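This report refers to the structure that appears directly beneath it.
The values are calculated or read from the model by the stated rules, or taken from the named source; none is laboratory data. None of these values were measured; they are calculated from a predicted model. In this analysis, Cβ positions are derived from the backbone assuming ideal geometry, glycine residues included, and neighbour counts consider all displayed protein chains.
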Amino acid sequence: MAKTIAIDIGHGSDTFPPSKGVYKNGKGYAEHDFNSKVGVELDKLLKHNGFKTLMKQKPFAPDVPLITRTNYYNAKGVDLVYSLHANYNGSPDVNGRCVFYWHTANDAKKLANIIVDEITKAGYSTHGNGLHASKPNSWTNLHICRETKMTAVLVENGFMSGDKDFDLVFGSKQKQYVKDMARVHAKAICRYYGVKFKDLDGTTVADKPSKPSKPASKSSGSISVGSKVYLSKSASKYATGEKIPSSIKGKTYTVQQVKGNKVLLKEIYSWVHKSDVGGSGKSTASNKPKSKSFSVGQKVTVKKSASKFATGESIASFVKGNSYKVKQVKSDRVLLDGIMSWVRKSDVY
Ligand SMILES: [Zn+2]
């Protein structure tokens, strides 16, 4: 049985300002934004390694209260709650990564030790020895560690306020750092459950579902990655079991992933049943961009008009107009070597 990991993305898009973030040179940086990036990357890696994941707190979305989160995890009976954060200290001299576990939880303590080991192996420093036992009546008394019935850890992926860590968490090294940290956490979770870690590199995991475990169920027609689908007004629950708010229904979304009888809708980052979506606008979607075909090794140029990576982040101006080798091709996007980023096919020529 695949283990279910709750990826608990720290805070929400509405928590900074006023708190949970830092200012540098007059610019604000939100912790949730960084936590979301690590969470999305970790989600990919865990699924690739055969885990089930769920996110009660969606990335880049308004804050879900802690009590709602832990009630949900407990009700769902997930195997592990993995909370992603970045730390703050008044002094810029304080840097390093650390992990919290409930002081009486030996399972969480074991996992915390593995995480610290993976952080060190990846070449990053820890704050102190990187381990904090979370206890009542102390500053370490963290809700996520205390109120969860299952194994739970809270990881501080560096200090937002640290002179060294800022550059990793929010600055020029963020892209690589997010990948590195997600990899650290995926490796630690694999190790903890005795699963051999498989990296995303060199595979075509995203092209097709890599696990032939579920027979591609009787699906309603051919829904492909990149196509637009209409979420039925009569849909009631997500494939993950939560209720679909009515504000989400009756709208068109882009398919980001297809798996068995489920599809992942990009704009809301949620899995829904295929039977709840219809192919509105699908034909237009498949008529136009299909004309472009790219191959691995080919050199392409990023359009000056391109604004965002396929993963949603803004494209830095130095990337625009520049040429890169294609490293991987997926239905609507290409992975560019050198910057190791996914760019929509419509944004390159
Ligand atoms: Zn936090």
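For region 187-236, the candidate set comprises residues that are hydroxyl-bearing (Ser, Thr, Tyr), at pLDDT 50 or above and part of a loop (DSSP other than H, G, I, E, B); within that set, the residue that is nearest to LEU46 (Cα to Cα) is TYR193.
Within region 77-135, if we keep just the residues that are of a type in the set (Lys, Arg) and over 23 Å from ALA30 (Cβ atoms), the residue that is nearest to the ligand (Cβ to nearest atom) turns out to be LYS135.
Just to confirm my filter: which strands (runs of 3 or more DSSP E) fall fully inside region 1-100 and include at least 1 residues that are within 22 Å of LEU200 (Cα to Cα)? Step through it out loud before you land on a result.
Values: elements: 4-9, 21-24, 27-30, 52-54, 80-87.
Hits in region 1-100: 4-9, 52-54, 80-87.
Of all the residues that make up region 21-46, how many are within 15 Å of the ligand (Cβ to nearest atom) and either touching a residue at least 24 places away in the same chain (Cβ under 8 Å) or surrounded by fewer than 16 Cβ atoms within 10 Å (Cβ to Cβ) (or both)?
The initial filter retains those residues of region 21-46 that are within 15 Å of the ligand (Cβ to nearest atom), namely 21-22, 29-39.
Add one more test, that the residue is either touching a residue at least 24 places away in the same chain (Cβ under 8 Å) or surrounded by fewer than 16 Cβ atoms within 10 Å (Cβ to Cβ) (or both), and what stays is 21-22, 29, 31-39.
Qualifying residue count for the region: 12.
All of (1) crowded, with 24+ Cβ neighbours inside 10 Å; (2) not assigned by TED's automatic domain parsing to the domain that holds LEU46 hold for VAL155 with one exception: (2).
Considering only region 140-184, state which residues are more than 23 Å from LYS110 (Cα to Cα) and either within 16 Å of the ligand (Cβ to nearest atom) or of a type in the set (A, V, I, L, M) (or both). Give the steps one after another, and end with the answer.
The initial filter retains those residues of region 140-184 that are more than 23 Å from LYS110 (Cα to Cα), namely 159-179.
Once the filter is applied, which keeps residues that are more than 23 Å from LYS110 (Cα to Cα) and either within 16 Å of the ligand (Cβ to nearest atom) or of a type in the set (A, V, I, L, M) (or both), region 140-184 yields PHE159, MET160, SER161, GLY162, ASP165, PHE166, LEU168, VAL169, PHE170, VAL178.
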